[in-house]
Amino acid sequence: MTFQKLVPAFVLLTALSVEAFLPTFDMMSEDQMSSFLPSPHPELVAAYRDFESRTRYGKPRITQIVNVTTPVPPCCADTISSIACRRLYNHNPARFLQRCEFDPDFSLIQCCNTCGLESADQRYSKFFDKQQNSQHCYDRHSVDFCMRFLNKADVWGTSSWNCDGAFATLAFRICRRTCGFCKPDLYSTVGGKFQVTPCGRSPKLIASETIF
């Protein structure tokens, strides 16, 4: 396996590996929990011009600007496994439901299905009701890193990972602001509304005339 293919896999493992310690979350104080969360990222620059990436040897390499943010909401699944989510719920139901309501990573990615597949769109709108001013709207990595991810530059060029909602298991976790996930109306479109969709499936659009 080449270095270019290893890096995306490493980033994904880094983003998800801490979930192995989730059973202890109910024993941590709020201050302890917040110490693991990044502070909101500064405002992104209005435009990202003359973008060029560099190889590991520091040589410039021109990269085509793709700049495609997600057109659909994140898929909904229990990325730490349904068994783990159910065990967390059984261990401390009140704490579990609290995280479903106030922790977007937990509610929309890690235990989305167990928190409630049918209500994921409502939770999503609540988390990002203030759009980019929301306290939950931030990137976990630098502007440069997330722009490379957005534009599929460097190691991301040969990877299947991108900002699309179908890849939210990684995109939402590492670069949600850059990828365009901070929109409370992301489930809604001119023609209707996207149905909450499990990961691995294409989101289904429900036409406006069929919504009651």
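The values are calculated or read from the model by the stated rules, or taken from the named source; none is laboratory data. Bear in mind that the values here come from a model prediction, so they are computed numbers and not experimental data. Every residue, glycine among them, receives a Cβ derived from its backbone with ideal geometry; neighbour counts consider all protein chains shown.
Taking the conditions exactly as written (assigned to a helix (DSSP H, G or I), on the phi < 0 side of the Ramachandran plot and at pLDDT below 90), does residue 161 satisfy them or not?
The answer is no for residue 161.
Condition test on residue 108, is it out of contact with any Lys or Arg (no Cβ under 6 Å at 6 or more places or on another chain), at pLDDT below 90 and part of a helix (DSSP H, G or I)?
no
Name the residues in segment 98-150 that are polar (S, T, N, Q), without any contact (Cβ under 8 Å) to a residue 60 or more places away in the chain and crowded, with 19+ Cβ neighbours inside 10 Å, would you?
107, 114
If you check 196, 155, which single one turns out to be of a type in the set (A, V, I, L, M), out of contact with any Cys (no Cβ under 6 Å at 6 or more places or on another chain) and surrounded by 18 or more Cβ atoms within 10 Å (Cβ to Cβ)?
Exactly one residue qualifies, and that residue is 155.
It is to be established whether one or more residues within segment 190-198 are closer than 12 Å to residue 73 by Cβ and within 13 Å of the chain's Cα centre (by Cα).
Looking through segment 190-198, none of the residues is closer than 12 Å to residue 73 by Cβ and within 13 Å of the chain's Cα centre (by Cα).
Considering only segment 68-105, state which residues are outside any helix (DSSP H, G or I) and within 24 Å of residue 131 (Cβ to Cβ).
Correct list: 68, 69, 70, 71, 72, 73, 74, 75, 76, 103.
Just wondering, is there one or more residues in segment 75-92 that are buried (at least 16 other Cβ atoms within 10 Å of the Cβ), closer than 23 Å to residue 161 by Cα and among the charged types (D, E, K, R)?
Taking every residue of segment 75-92 in turn, at least one turns out to be buried (at least 16 other Cβ atoms within 10 Å of the Cβ), closer than 23 Å to residue 161 by Cα and among the charged types (D, E, K, R).
With respect to residue 162, is the statement that it is more than 15 Å from residue 183 (Cβ to Cβ), out of contact with any Leu (no Cβ under 7 Å at 6 or more places or on another chain), surrounded by 17 or more Cβ atoms within 10 Å (Cβ to Cβ) and in contact (Cβ under 8 Å) with a residue 60 or more places away in the chain true?
Considered against the rule, which asks whether it is more than 15 Å from residue 183 (Cβ to Cβ), out of contact with any Leu (no Cβ under 7 Å at 6 or more places or on another chain), surrounded by 17 or more Cβ atoms within 10 Å (Cβ to Cβ) and in contact (Cβ under 8 Å) with a residue 60 or more places away in the chain, residue 162 comes out as yes.
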